[in-house]
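To start, the structure under review is shown below, and the notes come after it.
Any read-out appearing in this document is the output of simple, stated calculations on the displayed coordinates, not a laboratory observation. The structure presented is a predicted model; accordingly, all values stated were derived computationally and were not measured. Here the Cβ positions follow ideal geometry from the backbone for every residue, glycine too, while neighbour counts run over all protein chains shown.
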């Protein structure tokens, strides 16, 4: 069994609690306008030879061997991407090995996997960091290329089993329906979650995304205040 | 003005007429001039040559040492018994306890004339906090906090030298939390603080300590299990980061500048087999003579009240063999591209030098070093303000710091040699400052794998760690404008900033 790894960061202060070893897997179903890692989107099968040379292949054992020297120094491992759950079989194999070592695991996901897949994966990991990009399905589709039916279903499931470490929304004024999303999350018992509100930045964004407007600090504060009014208690502005 | 002054008279005159030294600094400097008027220490011509070449450096200890360099009083004993000499009864209340300590601090000698250790202050004060309301000595938590905050202000404004060191931990206490809170509010450079840290330290307390250090560069974290395995539980972290026995101290600390010794030859074999053994023999002879003078000629233990009242004990004293410039010494012998901190070969040579240095130092016995079976303890000295191109102890030079894991892995290999002190310093940006658990994860890993001592601060802090001591950047600016400053260590800090590129220390962000 082989996993396709785009990149690894041995110490990260921004991918979960404490110090995380982060593994970025190749491939994503979404094609977000504001993606900051567009090189991770393409499915492995579609990569050109040159692109493929930048993707590294690992067996589950080989990947775990990369992580273990840092075990004493991290709070755990975060799998990100791309969308790491696209390589589900490999991911679960790695998680089994990491769990045998007692290592904490978080999955950074776009939430588009099927509920059946999610239920399988959930048993092997400690938590999820879920992107909620928009509430309105059409907006979501414009932004990512796909609708958000599964994302919202998966949010409800993960929240019900208390496995959401963090939810995130990238704020783009006049584009993302931020207030409606906050209303929905509030109505679906999301208020106790750690909610990261990320200001859209067009630096490094290509194509159509370049035209999107970054929020002002004042706008970010207004959204934070709105979320606080709606009952959110743990908001992180980035 | 008197004509035809001798050099010493000239120095004394300059001290007296300085418009930048405080009155207290003048008095202390004049005492140093007086001490240096004597030539009572026997010194061979070989030692003189090494000293003149700056290879052996006595760190301005003076020509006639009249007290041990570092004194580590047993403050717990003092709290229990008071002091007959100072006419102090054991304290019953928090206010008396603080008052007693403040009085004792004025009478603890050291190389700096200020106490380099002021106690495990959380444990000293904890018994006086959280009493029952009907207890005659009851103080509310808020009143206790205010008293502790004033105690810390008193220390900062009267012990005007940042080699003054308080310890806290390893267990969390109410007082410990109050000290951290007060330090975050005060952001003063004095006292230096170390958290003795191990698995017994509550995570919440350790996180609070990390947050405090991001703001005000203290506390540092000491690997409590490592120190306790060498000294037993009864040790303290004093001055910069020196591990020493409580109720004792260190007579002296001279330092060997390895980089300058290395420059004497291009032949590594000569360096390892001839120069190193010779300089160690000479430096130990020099320190032996200093110790003889303090113990046998000055008779310090016979007349000082700390000794008479059992707050220090001759049996608990040792002395420190300092070294600096390992990185530069290694680089001197390595081919281009194999630099210390970036090359396994360079690291291996560093370890080889340390093994030889340790073995050579341990060959010698001094009967006065009772606390350490007659042996000197190795010490990774933090440098002095005039050092240029000489890295502290075994540190990787500023400007050449590798990514954080490589940096820590390197330090882990070298810290074991230095029970009497070694440490590394990291600067973190604000992304890291928001994630204190990240720093704690790194500390946990590093301590589990042999790192002894770690300090850090946020990149926007005013209080920063220079090499081992703390200085406020705003005070350095004041001094640079020619204004008088209260704390003598600001002068040293300014020198280190000018000469050792302290402001250029690598800032670690979210992933480097």
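Each 5 Å bin from zero holds the following percent of Cα-Cα pairs in the range B:388-451: 3, 15, 26, 24, 19, 9, 3, 0. Calculated mean residue ellipticity, 222 nm, chain B: -12500 deg cm²/dmol, from DSSP H runs (n ≥ 4) at -39500 (n - 2.57) each, averaged per residue and rounded to 500. Protection proxy ranking for B:496-509, A:17-30, A:105-118, using the average of other Cβ atoms within 10 Å per residue and placing the highest first: A:17-30, A:105-118, B:496-509. Comparing the range B:1-158 with the 2.2 N^0.38 Å rule of thumb, its C-alpha radius of gyration ratio is 1.45 (two decimals).
Order by neighbour count: B:489, B:431, fewest other Cβ atoms within 10 Å first, most last.
B:431, B:489
Kirkwood radius for the range A:3-237, taken over all pairs of different Cα atoms as the inverse mean of 1/r, rounds to 18.3 Å.
With coordinates expressed along the principal axes, the C-alpha atoms belonging to the range B:275-321 extend over 44, 19, 10 Å, beginning with the largest.
For the range B:70-204, what value does the Rg/Rh ratio take when both radii are computed over Cα atoms and Rh is the Kirkwood radius, given to two decimals?
0.95
Between residue B:140 and residue B:187, the distance separating the two model label sites (each 7 Å from Cα on the Cα→Cβ line) works out to 2.8 nm. Residue by residue along B:402-408, Cβ atoms of other protein chains within 10 Å of the local Cβ number 2 on average. Computed over the Cα atoms of the range B:13-89, the ratio of the radius of gyration to the Kirkwood radius (Rg/Rh) comes to 1.13.
Where does each of A:95, B:240 land when they are ranked from fewest to most other beta-carbon atoms within 10 angstrom?
Least crowded to most crowded, the residues run A:95, B:240.
Per residue, the Cα convex hull of the range B:424-512 amounts to 100 Å³. When each of the peptides B:93-99, B:7-13 is scored by the mean number of other C-beta atoms lying within 10 Å of its residues, the order from highest to lowest reads B:93-99, B:7-13.
Counting only alpha carbon atoms, the long axis of helix A:88-100 and the longest principal axis of chain A meet at about 70°.
If R0 equals 41 Å, the separation of the Cβ atoms of residue B:87 and residue B:16 corresponds to a calculated FRET efficiency of about 0.75. For helix A:217-229, report the angle its Cα long axis makes with the longest principal axis of the Cα atoms of chain A; keep it between 0 and 90° and round to the nearest 10°. So the inclination is approximately 90 degrees. Average projection, convex hull of the Cα set of the range A:142-234: 6.4 square nanometres.
Ranked by how many other Cβ atoms sit within 10 Å of their own Cβ, fewest first, the residues B:220, B:45, B:455 fall in the order B:45, B:455, B:220. Label separation (residue B:512 vs residue A:100): 3.7 nm, computed from points 7 Å beyond Cα along the C-beta direction. Distance from the alpha carbon centroid of the range B:193-219 to that of the range B:369-415 works out to 22 angstrom.
Taken along the Cα-to-beta-carbon direction at a fixed 7 Å, the label points for residue A:183 and residue A:208 span 2.6 nm. Shape index of the range A:38-139: Rg/Rh, with Rg the Cα radius of gyration and Rh the Kirkwood radius from the inverse mean 1/r over Cα pairs, equals 0.99.
Enter the angle in degrees (range 0 to 90, nearest 10) between the Cα long axis of helix A:178-187 and the first principal axis of the Cα atoms of chain A, meaning the one along which they spread out most. The two axes meet at around 80 degrees.
Take each peptide in B:172-181, B:189-198, count the other Cβ atoms within 10 Å of every residue, and average; sorted highest first, the result is B:189-198, B:172-181.
What per residue convex hull volume, in Å³, comes out for chain B when only alpha-carbon positions are used?
Numbers: hull volume 76.6 nm³, N = 512.
Here the figure is 150 Å³ per residue.
For the range B:201-244, the spread of Cα coordinates along the three principal axes comes to 30, 24, 12 Å, biggest extent given first. Extents of the protein assembly as shown, taken as max minus min of Cα coordinates on every principal axis and listed largest first, are 91, 73, 53 Å. Based on DSSP H segments of at least four residues, each scored -39500 (n - 2.57), chain A has a per-residue ellipticity at 222 nm of -9000 deg cm²/dmol. Just round it to a whole percent: the fraction of Cα-Cα distances in the range A:1-95 exceeding 20 Å. Percent of Cα pairs beyond 20 Å in the range A:1-95: 35. Once each part is reduced to its C-alpha centroid, what is the distance from the range B:297-342 to the range B:68-96 in angstrom? Centre-to-centre (Cα) distance: 27 Å. Comparing Cα centroids, the range B:471-512 and the range A:172-189 end up 48 angstrom apart.
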